[in-house]
Amino acid sequence: MTPMPKYPLSGVRILDFSTQMACPYGATLLALMGAEVIKVESRRYLDSGRRPPSRSVDPKVINMVPRFNDNNLGKLSITVDLTNPDAREIVNGLLRIADVAMANMRPGKMDKLGLGYADMRREKPDIIMLSLSSMGNQGPERQYAGYAAIFAALSGLSDATGYVGGIPTEGRATIDATAATTVAFAVAAALYHRKQTGEGQHINLSARESVGALLGEMYLDYAMNGRNPTRKGNEDDVMAPHNVYPCVDKESWVSIAVGSEREWQAFCRVLGRPEWITDARFADPHVRWKNRAALDSAVAEWTRTRKPYDVMHALQNAGVAALPSMSSKDLFTDPHSQSRGIYKEFQHKALGKRTVIGPQWKLSATSLDTAKPAPLFGEHNELVFEELLGMRRETVQEKEQSKAIY
Amino acid sequence: MSKQIFEGVNVIEIGEIAAAPYCGKLLADLGADVVKVEPPLIGDKARTRGPFLGDVPNSEQSALFLYANTNKRGVTLNFDTLSGKDILLRLLKNADVLIEDREPGELDIAGLGYEALRAMNPQLIMVSITPFGQSGPYKNYKAYPLNTFHAGGEGYTLPGGLGYAKYPDREPLKMAGYFGEYIAGLTAAIAAACALYGRDTIGSGQHVDISKQEALMALSRVVLARYPNEGFVETRAVRELPIGGLMPCKDGFAVVMAFEARMWEGLVEIMGRPAWTQEERYKNADSRVALKKEVNGLIIEWLKAHTKDEVYHQAQAHDCAVGPVYTIGEAIGSAQTRAQGFMTDLQHPIVGKLEYPTAGYHFSRTPLLFKRPAPLLGQHNEEVYSRRLGISKAEMVELRLAGVI
């Protein structure tokens, strides 16, 4: 009897050939949805995500990189050297029991390893293959290298983000995570399609385009009006106050945004400035917006003697949008995120007790208790080779000797 | 020709601005039949938000609305009225997915909460997208995109690098546009797709609770986990790349990434092997990082004589990761963007033909089809109400006069 599927992606098996952050984290999101993800790695070309700053490849050290843990939650790990011809039958065996294969080598590299989409289809006709690259697998720049900051720069996000009159803004790891989130959606969609039609397919995913897709209205503004966005800081085109204001402690800030007239009046009362409601500089949304510089400094005068949470409580009680600009400490100690249970704790075999951010979805029919530690390097060799692939112990040992398993 | 990915999936969307509509768009662009329900006369608030064609505010000319609602049908419905609610329930009776962004509790009071809908249609997947989710002390807190973004973790650390060096006393910064909202929509779309995938084996639909704050926290998971594990709090001051980062050049800015040995070698090569790069203290990776301020200064000196595109192509040919900081216009015009087919033309009855960005993914079997532009307000009332629900012409007139549709 087959057990009741526990998670949305129960029964889905994913081979994760990827390294660094964006693609591995994309596979992790699918693991958090219940897929079984097998990370296929090798010390011949160690995932730089496993590399500590010291660059050591000491097996103890490579299992102790916190960042690797957080980006590879709940996966299995096996060590197979894809460049070793003797590894071929293992890889083919894996493909035959897989639903999805994910990779982020530069375009063409998987083909050279005999692991292009056409090769995979020969072993598993309905496989879904996802190739993530910086630029996509077509076009003159397809071989170019990229990291988060480069995707942000090429898409237009860096140029659009910054203080009024200031310089562009560098993108960081959240941009890798943006590409990863796009990866997870594309694979989940292809899985649904395969279930309906029996057809697999190849997905060419461009990290830089995954960021561009989040700037749609700016792209359309360019198409409509031939105009590039100006950097607006925290300001809005219509609303004022609409900014982040300094609070009493060093590096403590609160965001405040006032939309409707009702909110404005409530805001003025909380600040003890009911006279602003009829002040000619602030009396309607348009003049308020025009005089936003004066308004912002007046608001900052009030926030500067207060704590962000006190401002939040006072304004939210009056129905006005105000929240601290939350640091990692604020978020962990915040009563809301604590009550939501977004932080999960587990024992990692090498790192010990770890706290991580769990799944970012809550599902009513399937509790997602899927935030599990990332695998140690090769932790699941025995399980995968012997139990899943049915290899004999001696065969496994031969493959270890030939360094196909390495 | 293969079926579209979500062909035959019926989606009802009650959503405004960017988050819930983007979730609907992601499904619609992959072939789902998405009916967007808007309040009569006013419509989705995105219609009142710019940028507008020619800067003329018009509910059919908002770039935000046009982008976030492609491939959908649109109806107007006031479901606060009894007959409006009845129509919505009839639409939901056979729906696969409901996407909604009302304040938690609001639909329950209207008798349209998940429990009520589940009783009528147990296969329904209800996706609720709100700033703080359906539970917890802040669930009813008010938050605009600015507030949600700054409550998500990334805001507190923006800008790092050169941005912080230049403006160390300024406030944390919001990412441009509706970044956090789109991320929430994308996060919700993953859940919708997975819930659809698992529905036959799980045996029912379910309620998906998406908190925009948590969608953003997940993006920053590595940085955020450092506090509970190490007591480390990332700030704008410590957020910086070892060597390189955002740097000024002759015609703007470029991002230089040279933290790996081969990348550094490539950079040295294209700089023409200047004498300083051969000095031991700069050759050695560890001491180079220790001297990063000086090193970055020397790189900038060289960069300032070169354009961002020159440096981009030269560096990439030498295995060094450099990226030009493109304006949106430059991004759209780039040869790579064109060759990948990222942009597509779409004709709209009022704004005419415009070029839209598509998506980061390109499926080999099921190419994205942009069949219809964002709906005009109430454009598909007749198609949906009379043809699908069988409401008569005479009744449609009554409902319109009563302000229901």
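The values are calculated or read from the model by the stated rules, or taken from the named source; none is laboratory data. This is a predicted model, so every value here is computed, not measured. Counting neighbours? That spans all protein chains shown, and the Cβs are built from the backbone with ideal geometry, glycine included.
Data table
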| read-out | value |
| --- | --- |
| Count of the stretch B:15-34 residues which are surrounded by fewer than 24 Cβ atoms within 10 Å (Cβ to Cβ) and farther than 17 Å from A:ALA186 by Cβ | 3 |
| Members of the stretch A:305-353 found to be of a type in the set (Lys, Arg) and outside any helix (DSSP H, G or I), listed by number | A:ARG306, A:LYS307, A:LYS344, A:LYS349, A:LYS353 |
| Residues within the stretch B:1-21 that are more than 11 Å from chain A (Cβ to nearest Cβ) and modelled with pLDDT under 95, tallied | 1 |
| Condition met for A:SER339 (modelled with pLDDT under 95, of a type in the set (Gly, Ala, Ser), farther than 30 Å from A:ARG51 by Cα and surrounded by fewer than 20 Cβ atoms within 10 Å (Cβ to Cβ)) | no |
| Residues that are buried (at least 21 other Cβ atoms within 10 Å of the Cβ), assigned to a loop (DSSP other than H, G, I, E, B) and out of contact with any Asp or Glu (no Cβ under 6 Å at 6 or more places or on another chain), drawn from the stretch A:354-364 | A:GLY358, A:PRO359, A:TRP361 |
| Residue check, A:GLY146 within 7 Å of chain B (Cβ to nearest Cβ), out of contact with any Asp or Glu (no Cβ under 8 Å at 6 or more places or on another chain) and either polar (S, T, N, Q) or touching a residue at least 60 places away in the same chain (Cβ under 8 Å) (or both) | yes |
| Of all residues making up the stretch B:59-77, the number that are within 12 Å of another protein chain (Cβ to nearest Cβ), in contact (Cβ under 8 Å) with a residue 60 or more places away in the chain and of a type outside the set (Ser, Thr, Tyr) | 6 |
| From the options B:GLY177, B:GLY153, residue that is within 15 Å of the chain's Cα centre (by Cα), under 18 Å from A:GLY171 (Cβ atoms) and assigned to a loop (DSSP other than H, G, I, E, B) | B:GLY177 |
| Residue within the stretch B:76-87 that is under 23 Å from A:ARG227 (Cα atoms) and at pLDDT 95 or above present | no |
| Selection status of B:GLY205, touching an Asp or Glu at 6+ places or on another chain (Cβ under 8 Å), more than 7 Å from every other protein chain (Cβ to nearest Cβ), more than 30 Å from B:GLY297 (Cα to Cα) and not in a helix (DSSP H, G or I) | yes |
| Single residue of A:GLU141, A:GLU170 found to be facing another protein chain (nearest Cβ under 7 Å) and without any contact (Cβ under 8 Å) to a residue 12 or more places away in the chain | A:GLU141 |
| Residue selected from the stretch A:172-220 under the condition among the aliphatic types (A, V, I, L, M) and outside any helix (DSSP H, G or I), by the criterion farthest from B:LYS212 (Cα to Cα) | A:ILE203 |
| Scope the stretch B:307-350; condition more than 7 Å from every other protein chain (Cβ to nearest Cβ) and within 16 Å of B:TYR67 (Cβ to Cβ); matching residues | B:MET343, B:THR344, B:ASP345, B:LEU346, B:GLN347, B:HIS348, B:ILE350 |
| Members of the stretch B:211-235 found to be more than 7 Å from chain A (Cβ to nearest Cβ), among the charged types (D, E, K, R) and over 14 Å from B:PHE179 (Cα atoms), listed by number | B:GLU230 |
| Matching option when the condition is more than 30 Å from B:ALA331 (Cβ to Cβ), at the interface with chain B (Cβ under 10 Å from one of its Cβ atoms) and not β-branched (Val, Ile, Thr), among A:TRP264, A:TRP253, A:TRP276, A:TRP302 | A:TRP253 |
| Selected residue [surrounded by fewer than 24 Cβ atoms within 10 Å (Cβ to Cβ) and at pLDDT below 95] from A:ALA118, A:ALA145 | A:ALA145 |
| Identity of the residue in the stretch A:1-55, among the aromatic types (Phe, Trp, Tyr) and part of a helix (DSSP H, G or I), that ends up modelled with the highest pLDDT | A:TYR25 |
| Qualifying residue in the stretch A:336-350 (condition: facing chain B (nearest Cβ under 10 Å), of a type in the set (Phe, Trp, Tyr) and either closer than 24 Å to B:VAL223 by Cβ or in contact with a Cys (Cβ under 9 Å, 6 or more places away or on another chain) (or both)) | yes |
| Selected residue (criterion: surrounded by the fewest Cβ atoms within 10 Å (Cβ to Cβ)) from residues of the stretch B:154-166 that are at the interface with chain A (Cβ under 7 Å from one of its Cβ atoms) and out of contact with any Lys or Arg (no Cβ under 9 Å at 6 or more places or on another chain) | B:LYS166 |
| Check on B:TYR138, surrounded by fewer than 23 Cβ atoms within 10 Å (Cβ to Cβ) and within 8 Å of another protein chain (Cβ to nearest Cβ) | no |
| Among the residues listed as B:GLY74, B:GLY105, B:GLY43, the single one being closer than 24 Å to B:LYS142 by Cβ and either polar (S, T, N, Q) or buried (at least 22 other Cβ atoms within 10 Å of the Cβ) (or both) | B:GLY43 |
| Inter-residue pairs, beta-carbon under 6 Å, first away from chain A (no Cβ under 13 Å) and in the stretch B:360-378, second in a strand (DSSP E or B), 6+ apart | B:PRO375/B:ARG73; B:PRO375/B:GLY74; B:GLY378/B:THR76 |
| Hey, A:ALA173 modelled with pLDDT of 95 or more, of a type outside the set (Ser, Thr, Tyr) and buried (at least 19 other Cβ atoms within 10 Å of the Cβ) or not | no |
| Test: residue in the stretch A:170-193 that is within 26 Å of the chain's Cα centre (by Cα), among the polar types (S, T, N, Q) and closer than 28 Å to B:VAL351 by Cα | no |
| Pairs where the first residue, in the stretch B:338-349, is on the phi > 0 side of the Ramachandran plot and the second is among the polar types (S, T, N, Q), C-beta under 8 Å, 6+ apart | B:GLY341/A:GLN138; B:GLY341/B:THR358 |
| Whichever residue in the stretch B:363-397 is charged (D, E, K, R) and within 30 Å of A:SER210 (Cβ to Cβ) and, among such residues, is modelled with the lowest pLDDT | B:LYS371 |
